[in-house]
1. Within segment 388-436, restricting attention to residues that are in contact with a Gly (Cβ under 8 Å, 6 or more places away or on another chain) and farther than 16 Å from L359 by Cα, which residue is surrounded by the most Cβ atoms within 10 Å (Cβ to Cβ)?
2. At pLDDT 95 or above, among the aliphatic types (A, V, I, L, M) and over 21 Å from the mean Cα position of the chain (by Cα): which single residue out of L535, L500, L542 fits that description?
3. If you go through segment 402-413 one residue at a time, how many are in contact (Cβ under 8 Å) with a residue 40 or more places away in the chain and in contact with a strand residue (DSSP E or B) (Cβ under 9 Å, 6 or more places away or on another chain)?
4. Could you check how many residues of segment 278-323 are buried (at least 16 other Cβ atoms within 10 Å of the Cβ), farther than 20 Å from A195 by Cβ and out of contact with any helix residue (DSSP H, G or I) (no Cβ under 8 Å at 6 or more places or on another chain)?
5. What number of residues in segment 280-317 are assigned to a helix (DSSP H, G or I) and more than 34 Å from the chain's Cα centre (by Cα)?
6. Determine the pairs where a residue that is in a helix (DSSP H, G or I), located within segment 233-258, has a partner that is basic (K, R) with Cβ atoms under 8 Å apart, the partner being 6 or more residues away or on another chain.
7. When you scan segment 567-587, how many residues do you find that are under 9 Å from A439 (Cβ atoms), in a helix (DSSP H, G or I) and of a type outside the set (S, T, N, Q)?
8. Pairs please, first residue from segment 110-131 and acidic (D, E), second anywhere and modelled with pLDDT of 80 or more, Cβ atoms under 7 Å, 6+ apart in sequence or on different chains.
Amino acid sequence: MERESFEDEEVAAILNRYFISIKVDREERPDIDHIYMLVCQKLTGHGGWPLTIIMTPDRKPFFAGTYFPKESKWGRPGLVSLLTAIQEQWQANREILLASGDRIARRIDIANRRRSRGELSSETLDRAYEQLLRYFDDEYGGFGSAPKFPTPHNLMFLLRYWKRTGVAKALEMVVHTLQSMHAGGIYDHIGYGFARYSTDNQWLVPHFEKMLYDNALLCYTYIEAYQCTGNPLFARVAEEIIAYVKRDMTGEEGGFYSAEDADSEGEEGKFYVWHRGEVLELLGAAKGKIFCDFYNITDEGNFEHGSSIPNYIRQDRNQYAARYGISAESFDDLLRECRERLYFEREKRLHPFKDDKMLTAWNALMIAALAKAARALDNPDYLKAAEQALAFIEKRLKRPDGRLLARYRDGEAAVLAYLDDYAYLLWALLEVYEAGFDARHLARAVELAKQMRALFWDDARGGFFFYGEDGESLLIRPKELYDGALPSGNSVAALMLLKLARITDDAEIRQLVAQQIAFFAGEVDKYPRAYTFFLIALDYQLAVPQHIIIAGDRQSAAAQSMLKAAGSRFLPYAVVLFNEPSQGTLLKQISPHVAGKEGDKGKATAYICHNFACQAPITDVDRFNASI
């Protein structure tokens with residue numbers, strides 16, 4: 001629509017004469033996007049972007065739709081004729097349109113307020129698993145047909161379902177999906193990182209846009225899958241995502257940019273695709289043929305104009321190595337050498353546009369992923385990057401009074417932060433604590449949770465509003481729950497507050513989350529699959545509380561071994577605390593669980609507690625490894 005209509009002189013003349021045109025950045029103002037997308041869904045039965053809303057001067061919508069071509073075609077009304085007709089109606093029947101706007105606003109307000117309470121249980125988790133299983137693609141992984149989105153929180157839910165029940169198929173679904181996504185063209189095999197979604201069902205042809213939040217959540221999920229399986233591929237993919245983000249998506253102060261466009265030189269994907277002849281010329285005939293054959297780069301191509309998107313769908317590395325008479329390790333080395341050569345050649349191309357605004361919420365997701373990787377892979381550089389990004393948020397995206405802001409760009413921070421910003425940052429703080437065990441991050445998490453409650457919590461009915469009580473008053477004040485491309489703020493808040501309550505033993509927080517889960521229960525119960533991150537919170541609430549408290553000197557080899565062992569395991573229900581002398585009394589002030597749990601005679605000592613009952617202290621590292 002931008003190219004066809006908004007940059008067109010005829011359309012611009014109509015808009016400028018009869019309308020006040022407002023373009024909304026849905027990433028900067030998700031509150032507006034959520035509200036008017038709900039309007040579109042209620043009026044038309046579907047939604048999507050671009051989102052087109054026509055409303056009265058007091059912001060009450062009376063028309064909604066998505067894409068409109070300039071002139072009528074494909075059975076769609078043209079924007080020119082649509083704007084002309086609406087202008088004529090505004091002149092002739094304005095009262096009717098105003099009344100329609102009032103009526104729609106009332107309907108949206110009623111729909112927003114209506115929630116059916118209920119109770120959720122482990123049976124709800126079973127139903128969500130069965131629904132995911134029903135839509136699972138056994139051939140290519142993922143759920144449903146084209147277009148196919150990664151939706152990492154579906155996979156995170158399945159990992160926890162496998163841990164809870166031992167159902168092998170749940171883990172198989174995750175493994176197959178992660179392997180298939182990496183094999184496909186949705187993954188950038190030359191420069192790393194995932195594109196936003198696949199336009200087909202086999203993850204081959206992506207929409208080439210790269211989003212920070214996708215890569216953060218996928219990095220986190222690949223790490224969890226590595227913890228569950230030990231598959232080195234999953235660790236390597238997570239490391240490559242981090243390499244991409246640190247190289248291409250990180251600002252000078254440690255914050256992360258939002259996205260890279262799909263287009264370059266006016267063509268989608270042009271930066272990423274290759275012609276076979278081009279690759280053979282760069283790599284030489286021998287290596288080039290091996291590379292092209294493995295990555296499905298053909299003369300005919302698999303994309304536009306005979307170009308190819310590198311992928312290894314249906315390829316077997318060991319078979320290829322055997323075919324060329326080399327070891328699997330030598331084959332990997334050859335592919336790595338070739339990818340690096342192509343990367344440096346690709347760097348000479350015109351890059352896609354980078355959206356260099358920095359969003360608190362998306363930065364927080366990347367911080368959580370970095371901290372998770374630092375812990376699971378025992379890599380302090382990842383923790384350093386996470387802490388730098390946290391420091392950036394504290395410096396650039398917080399007002400002097402402590403109120404978080406949502407967006408930073410070119411030296412300017414703006415827009416009051418939303419629930420997602422607070423909930424995701426709470427997630428980041430808890431992950432960074434468990435990666436480095438600096439109790440100051442826990443203290444900040446406690447402070448942030450209090451502020452989140454004060455700004456967003458509905459004292460009358462329960463649940464968190466999307467924007468704060470100090471925000472701009474809009475058509476409605478929504479409470480988002482659906483876990484779409486991103487998990488909802490309510491879902492993430494529920495899980496993180498439960499974790500914080502386990503750390504602090506705060507009964508008030510537990511009661512708050514219980515009220516939140518009850519408030520949304522009726523909605524979730526209708527179709528659990530749509531709320532998988534919320535169900536991760538439910539799963540955590542239903543699980544037996546587990547605390548692993550390690551006491552001792554950080555420099556102790558035994559303490560380091562215990563911390564490393566705890567970090568490498570998939571322990572979704574456990575809180576890990578490190579009680580060391582250098583932390584002083586801060587941790588004890590935050591968490592009563594560490595009281596009396598000290599190192600035994602100077603030795604590193606572990607206390608493993610289930611349902612608030614602790615086993616005998618453990619000082620032997622091997623015994624500790626066997627106990628967790």
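The values are calculated or read from the model by the stated rules, or taken from the named source; none is laboratory data. All figures in this text were calculated on a predicted structure; none of them were measured in a lab. When we count neighbours, we look across all protein chains shown, and the Cβ atoms used for this are built from the backbone with ideal geometry, even at glycine.
1. A435
2. Values: L535 fails: over 21 Å from the mean Cα position of the chain (by Cα); L500 fails: over 21 Å from the mean Cα position of the chain (by Cα).
Sole residue among the options that is at pLDDT 95 or above, among the aliphatic types (A, V, I, L, M) and over 21 Å from the mean Cα position of the chain (by Cα): L542.
3. So the answer is 7.
4. Qualifying residue count for the region: 1.
5. Within segment 280-317, residues that are assigned to a helix (DSSP H, G or I) and more than 34 Å from the chain's Cα centre (by Cα) number 10.
6. D248/K354
7. 2
8. E119/A521
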